[in-house]
1. Would you please name the residue that is surrounded by the fewest Cβ atoms within 10 Å (Cβ to Cβ), looking only at residues in the range 59-79 that are free of Cβ contacts under 8 Å to residues at least 60 places away in the same chain and under 12 Å from the mean Cα position of the chain (by Cα)?
2. Go through the range 34-57 and count every residue that is more than 15 Å from ARG112 (Cβ to Cβ) and either crowded, with 21+ Cβ neighbours inside 10 Å or among the charged types (D, E, K, R) (or both).
3. Keeping to the range 35-57, report how many residues are in contact (Cβ under 8 Å) with a residue 24 or more places away in the chain and in a helix (DSSP H, G or I).
Amino acid sequence: MKTDFFDQVRRSYEENRQGLFTYALALTRSRAAAEDAVHGVICRLLNRGKVPGEVRPYLFRAVRNAVVDGWRRGSSREEPLFNIHRQGAGGGGPEQALQLQQCLFRLERDQREVIVLKIYQGLTLSLIH
């Protein structure tokens, strides 16, 4: 019984880890803070003892909540370290990736969040709120 739960969590993490990290990084602009948010969410899911029916939106919502909690604690450190890459996306070299990164970070945090959710993860804010 517990093995099934741990397998579900492991699969959910493996299927969503890059997207969760990209999302957290878009919000925090810090690799360390993004990793902390994602890992904290997975630990809380393990402590919860059950996987929600809609696990993907749950994970993204939980990451967002973890990041917001970090902002409230004043522990966010912003650094321009956002590496966007879509699996299966064609074209574009390092110069274009850097240019895209710079453009995204000129946007307000909310606007950047919407773009990352929709374009890079196929989600909308209504699914995670």
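1. Checking each candidate, the answer is ASN65.
2. 11
3. Going through the range 35-57 one residue at a time, the tally reaches 11.
Values in this text are rule-based calculations from the coordinates and carry no lab data. Values in this document were obtained by computation on a predicted structure and should not be read as measured data. Heads up, the Cβs are rebuilt from the backbone with ideal geometry, glycines too, and the neighbour counts pull from every protein chain shown.
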